[in-house]
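Data block below; observations after.
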Amino acid sequence: MIMIMKISKKVEEVLNKQINAEFWSAYLYLSMSAWAEAKGFKGFANWMRVQFHEEVSHALKIQDFILTRSGQVKLEPLAAVKTSWDSLLNMMEDTYEHECKVTSLIHQCYEAALAEKDYATSTMLQWFIDEQIEEEANALEIIDVLKITGEKSGGVFYLDKKLGHRTLAGS
Ligand SMILES: [Fe+2]
Ligand SMILES: [Fe+2]
């Protein structure tokens, strides 16, 4: 008989919270995508839409993990997200700030897994720890360019064009 070590209640709880955080991130980026699209920044809108899909895939990764470990998935309601921003820079700064918050949530999940000696969960979370380095760096890179070019120059036009090339596979 194959024994799968069932996930503990504590770890199950923090992972369910993380599913909600990942879906909330997806919702936030979809809202940003809509705002950017309405403002005529199609590239930023595309980048945010890819980001939305990525966040959904993060949520599903955790959901599938809980199910594989014979845990229970609980999908809680999503809190409302912002619907408008003062500027592209303001939107990207919100993105960076949010990703830093998600990083600390992932670290909390990791600490909970270690406290429970749940090494399978900590290994799964390692992927998220690495991913968050990328997530923070990507947002910062765009912020840097926006700060250098200013928002009304041709630089933004080229940045928007560049962000329009982001695809889900190559993100
Ligand atoms: Fe994520
Ligand atoms: Fe993210």
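The values are calculated or read from the model by the stated rules, or taken from the named source; none is laboratory data. Everything quoted here is computed from the prediction, not taken from an experiment. Every residue, glycine as well, gets a Cβ built from its backbone with ideal geometry; the counts of neighbours run over all protein chains shown. Ligands, DNA and RNA are excluded from the accessible area calculation, which covers all protein heavy atoms including side chains. Shrake-Rupley method; radii C 1.70, N 1.55, O 1.52, S 1.80 Å.
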Item to check | Length gained when the stretch T123-E151 is fully extended (0.36 nm per residue, less Cα-Cα span) | outcome: 5.9 nm
Checklist entry - With the other protein chains left in place, how much accessible area per residue, in square angstrom, belongs to the chain at a 1.4 angstrom probe? => result 55 Å²
Next on the checklist: What is the sum of charges, Lys and Arg at +1 and Asp and Glu at -1, for the other residues whose Cβ falls under 11 Å from the Cβ of G43?
Outcome noted: +3
Checklist entry - Based on the Cβ-Cβ distance of A137 and V73, what FRET efficiency does E = 1/(1 + (r/R0)^6) give at R0 = 25 Å, to the nearest 0.05? => result 0.25
Checklist entry - How much accessible surface does D86 have with a 1.4 Å probe, in Å² rounded to 10? => result 140 Å²
Checklist outcome for this item: Heavy-atom accessible area with a 1.4 angstrom probe orders W35, W127, W24, most exposed first, as W127, W24, W35
Next on the checklist: Show me, bin by bin at 10 Å from 0, the whole-percent P(r) of the chain based on Cα pairs.
Outcome noted: 10, 37, 29, 16, 7, 1, 0
Checklist outcome for this item: Label model pair E116, D94: point-to-point distance (7 angstrom along the Cα→beta-carbon line) in nm is 3.3 nm
Checklist entry - For the cross-link pairs K17/K152; K61/K101; K6/K101; K61/K152, which exceed 31 Å when the distance is taken from alpha carbon to alpha carbon? => result K17/K152; K61/K152
Checklist outcome for this item: Rounded to the nearest 10, the angle in degrees between the Cα long axis of helix 154-163 and the longest principal axis of the Cα atoms of the chain comes to 30 degrees
Next on the checklist: Under a Cβ-only charge scheme (Lys and Arg +1, Asp and Glu -1), can you give me the dipole magnitude of the chain about the Cα centre, in debye to the nearest 20?
Outcome noted: 400 debye
Item to check | Segment L60-E13, length gained on full extension (0.36 nm per residue, minus Cα span) | outcome: 15.4 nm
Item to check | Exposure rank, largest accessible area first [C100, C109; 1.4 Å] | outcome: C100, C109
Checklist outcome for this item: In the chain the accessible area split gives carbon plus sulfur, as whole percent at 1.4 Å, a share of 59 percent
Next on the checklist: What do you get for trypsin sites (Lys or Arg not before Pro) in segment 71-109 restricted to DSSP loop and a cutoff of at most 15 other Cβ within 10 Å of the site's Cβ?
Outcome noted: K74, K82
